[in-house]
1. Return a yes/no flag: does region 64-79 have any residue that is open to solvent by less than 80 Å² (accessible area, probe 1.4 Å), modelled with pLDDT under 80, polar (S, T, N, Q) and assigned to a loop (DSSP other than H, G, I, E, B).
2. Within the bounds of region 137-149, is there any residue that is under 13 Å from the mean Cα position of the chain (by Cα) and of a type in the set (Phe, Trp, Tyr)?
3. Check every one of the helices (runs of 4 or more DSSP H) wholly within region 81-150 and list those with 2 or more residues that are farther than 30 Å from residue 59 by Cα, open to solvent by 50 Å² or more (accessible area, probe 1.4 Å) and at pLDDT below 90.
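The values are calculated or read from the model by the stated rules, or taken from the named source; none is laboratory data. Keep in mind that what you see is a predicted model, and the values were worked out from it rather than measured. What goes into the accessible areas is simple: the full protein's heavy atoms, side chains included, and nothing from ligands, DNA or RNA. Shrake-Rupley method; radii C 1.70, N 1.55, O 1.52, S 1.80 Å.
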Amino acid sequence: MMRTILSSALLLPSSFLGRHVAKQLTRSRSGAPRLFESTGEAGGGQINVGIEDIANSLREGTYRRVLVVSGAGVSCSAGIPDFRTPGSGLYSKLHEYRLPYPEAIFEIDFFRQNSQPFVTLAKEIWPGVKYRPTITHCFFSLLDRKRLLQRLYT
């Protein structure tokens, strides 16, 4: 199945979608960063392509299915804390909710017993209230609106 998905998929590494994507997108062609595109061949064949090449290929319809694998850095660059960093991570700031353990805030059984901690946290990190989507979030949304986003794994 993965072979089928990857046969014409564009794989965007999270480093492409990182903190400096706005600067990378405005570089001249000669200074454009280079990325790797899967050829879909057995053995993981790759060819070297640049951001402008990818943008043109997306515009021309070369890619019909885009698979994105990203991490916390996408949201951290918007100011949303990661989950596990001691002292600054989200889990270390949940003591005020009096949870049995930090992960409980995201568990359905705990939510059914006491929804208030999750609702309060969701209000705090809801986009547009305190935090704004990054250019990377907007790119993911654009891929979805254009019906190109096949999967987004975080």
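1. No.
2. Yes: one or more hits.
3. 116-125
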